[in-house]
Amino acid sequence: MSKFNTNWPWNWVREWLIRLDRLACGLWMITKDGVKRIMRRRVKPRFWGFLIAVTLIVFLASFAVMRVRYGYGARVLAQAQSEKNALAAEADALKTQLDYAQTDEYVMRIARDELNMIMPGEIRYVNGTR
């Protein structure tokens, strides 16, 4: 059974209105005739100072977190840029090496040095220290 007057059909609405007003510093008295406000508390200046201080602390903390995340993101970006530059330099070196490997000069050098081949009409001199 509800503590409110059952003649009024929307007791739950009245109950929530009372709860909201209590949050807004009001006190209510429930009577047989209905609900009456009996007193309103005054908000002290100390409360406003506390509220401003808490808001400032939250703002500063969020700002600090944002700065840390920005610094981390900047470091990650710089590292990725340096890796990108290193990979681009390596790709250029490999492209140069591939271009050289497709020339006749490279084929002749590999044939002479690694495969021990000679051109027709050439004489091979063998060094004894080899």
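Rule-based calculations on the coordinates, nothing more; no lab input. Note that the coordinates shown come from a computational prediction; the quantities given were computed from them, not determined experimentally.
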Subject >> So E122, is it over 21 Å from the mean Cα position of the chain (by Cα) and part of a helix (DSSP H, G or I) >> reply: no
**OP:** Report the residue count in segment 54-71 for those that are under 12 Å from the mean Cα position of the chain (by Cα) and not aromatic (F, W, Y).
**Re:** 6
